[in-house]
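As structure tokens, the structure follows; a few thoughts come after it.
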Amino acid sequence: HFVYVEMLEFISHAAERGETVVPVSVNVSRVTANQDDFLNFYIGNLKKYRIPEGFITLEITESFAMEDYDKIAYIIESLHEAGMKCSIDDFGSGYSSFNILKRIPVDELKLDAIFTRKGPNSQNDDKLLHTMIDLAKSMGMVVVQEGVETKEVFDKVTAMGCDVIQGYYYAKAISLEEFKIFVKSNTSIKYKSKVK
């Protein structure tokens with residue numbers, strides 16, 4: 001809850017000052033999503049800080065998504081109605097089930113870093129990764145590749161059509177002050193006019 005509210009306050013205040021702000025993804029733990037006030041808290045604060053539609057993506061882990069498809073589908077539909085996007089995080093890290101893709105209406109699929117690690121057969125590695133990207137995109141999802149650390153991997157996943165790259169290739173974990181500088185100096189698209 002603390003991280004979520006801090007992030008909303010940061011975006012809201014930065015926009016008021018005319019600073020560049022960008023869409024943000026926030027991890028949601030199993031414990032948080034199972035709390036009775038989860039939807040009221042997340043949707044209520046989104047409205048309180050007047051964050052525009054499509055600006056916040058909540059990331060639900062693959063393992064939690066597999067626990068109760070109906071419950072997760074209901075949560076995601078409610079978040080969609082409030083203007084949030086939803087993502088399945090770490091897809092491929094555990095017991096991946098295509099039921100997740102079939103039964104849960106997510107906007108984004110975050111492929112675990114395992115897809116970029118070398119296995120016994122590099123051709124099969126590439127075929128699997130390319131197939132996962134094509135499958136998710138054919139279902140209308142944005143595809144994020146996690147754990148991109150080198151230019152070689154960056155070039156490979158972008159050539160395969162991956163939409164978003166996440167990893168040390170761009171930056172390691174940084175403080176809020178470093179993040180402000182990073183966004184200001186590395187962002188060509190300005191979102192500040194969308195936040196009121």
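For the reader, a short list of remarks on this structure follows.
- For the residues Ala33, Ala65, the requirement of being in contact with a helix residue (DSSP H, G or I) (Cβ under 9 Å, 6 or more places away or on another chain), modelled with pLDDT under 85, crowded, with 19+ Cβ neighbours inside 10 Å and small (Gly, Ala, Ser) singles out Ala65.
- Looking across Ser93, Ser78, Ser87, Ser12, one residue alone is under 21 Å from Ala113 (Cβ atoms) and not in a loop (DSSP other than H, G, I, E, B). It is Ser87.
- Of the residues making up the range 108-149, those that are assigned to a helix (DSSP H, G or I), free of Cβ contacts under 8 Å to residues at least 40 places away in the same chain and among the small types (Gly, Ala, Ser) number 3.
- Among the criteria (1) surrounded by fewer than 19 Cβ atoms within 10 Å (Cβ to Cβ); (2) over 18 Å from the mean Cα position of the chain (by Cα), the one Pro23 does not fulfil is (2).
The values are calculated or read from the model by the stated rules, or taken from the named source; none is laboratory data. Everything numeric in this text was worked out from a predicted model, so none of it was measured. Reconstructed Cβ throughout: ideal geometry from the backbone, glycine too, with neighbour counts over all protein chains shown.
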